[in-house]
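The values are calculated or read from the model by the stated rules, or taken from the named source; none is laboratory data. Note that the structure is a prediction, hence the values are computed from the model and not measured. So basically every Cβ, Gly included, is an ideal-geometry build from the backbone, and we count neighbours across all protein chains shown. Just the protein is used for accessible areas: all its heavy atoms, side chains included, with ligands, DNA and RNA removed. Shrake-Rupley method; radii C 1.70, N 1.55, O 1.52, S 1.80 Å.
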Amino acid sequence: MTFGPGQPKDSLADWLRIRTKISWPSWHGARPGSGAPASDGFRHLFLATRDGRDSEGTARVLTALDVAFADAEQGRPLTLALMAKWQQSVLDRGLVRFRTLPAFAKGGRERYGLAPTTQAQFERCLSESSQPDLNLPSRTARTYLDVLFFHPFEDGNARAAMLALAFVLAREGVLLDQVHPLQTTRWADDAEGAADLAVLLGILITAAERRPSHARQS
């Protein structure tokens, strides 16, 4: 694939190049307690960052979050079809499919290419969200970054990535009451940043488990 003058390189290719080489951190956190996952931390994030400028869009993403948590409680596998169902609520569309053109983000500084195999690669990456030989924070971080850098949908990919992150944790009964620390710019070629995200998720998981249960209630 060739690029025109000034066109950014393929950040998806950068991510796929480093994805299998990341030194994921070890984690020995407490295992989650029983009970249905709570969406408080994610709900608060969406309300705090979106509600003032797009109340209707916020309501839609909260509906998608509820659906994602219900799917997690049923132990569903993470698939493109499942994410597309959530994205129908997020975007208020009857049909959502994998993008058909290259995508751009960060003001055009990142470009995510498209090849005949891109959708199938994304599906395989999503299936690894339940990989048994990688700890939960690292699997969750990797899935979140997969969604960001595959950029599977025409719109709403940041929200899709956060929904996927919430789902992977909730599927294993993990509750997060703080999500705001996750909100920072991520770059496709930053292996250390990916590992740092896993460390941060481990800290947030452990901290949430140590707080009184009433702190997670709506």
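Summary table
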{"item": "Percent accessible area from carbon and sulfur atoms, the chain, protein chains only, probe 1.4 Å", "result": "51 percent"}
{"item": "Segment 57-208 shape via C-alpha gyration tensor axes, a/c threshold 1.5", "result": "rounded"}
{"item": "Segment 118-162: C-alpha gyration tensor shape, a/c 1.5 cut-off, then a/b vs b/c", "result": "oblate"}
{"item": "At R0 = 22 Å, FRET efficiency that the Cβ-Cβ distance of ALA158 and ALA70 yields, to 0.05", "result": "0.50"}
{"item": "Label-point separation in nm, HIS44 to SER130, each point 7 Å along Cα→Cβ", "result": "3.1 nm"}
{"item": "Listed residues PHE167, PRO77, VAL147: farthest to the positive end of the dipole of the chain (Cβ charges)", "result": "VAL147"}
{"item": "Sorted peptide list for 170-180, 12-22, criterion being average Cβ within 10 angstrom, highest first", "result": "170-180, 12-22"}
{"item": "For the chain, accessible area per residue (1.4 Å probe, heavy atoms of protein chains only), Å²", "result": "48 Å²"}
{"item": "Residue order for TRP86, TRP24, TRP187 - accessible surface, 1.4 angstrom probe, largest first", "result": "TRP187, TRP24, TRP86"}
{"item": "Relative packing of 197-204, 120-127, which averages over residues the other C-beta atoms within 10 Å, highest first", "result": "197-204, 120-127"}
{"item": "C-alpha center-to-center spacing [segment 125-146, segment 147-173] in angstrom", "result": "12 Å"}
{"item": "Fully extended contour minus Cα-Cα distance, from LEU200 to THR184, at 0.36 nm per residue", "result": "4.6 nm"}
{"item": "Using a Förster distance of 25 Å, the FRET efficiency for ILE18-ALA207 (Cβ separation, nearest 0.05)", "result": "0.35"}
{"item": "Nearest-20 debye value, the chain charge dipole, Cβ charges on Lys, Arg, Asp, Glu", "result": "140 debye"}
{"item": "Inter-site label distance for LYS9 and GLU56 at 7 Å from Cα along Cβ, in nm", "result": "4.2 nm"}
{"item": "Spacing of the two label points (7 Å from each Cα toward its C-beta) at ARG93 and ARG109, in nm", "result": "2.6 nm"}
{"item": "Dipole of the chain, positive end: most advanced residue of TRP15, ALA115, ALA208 [Cβ charges, Cα centre]", "result": "ALA115"}
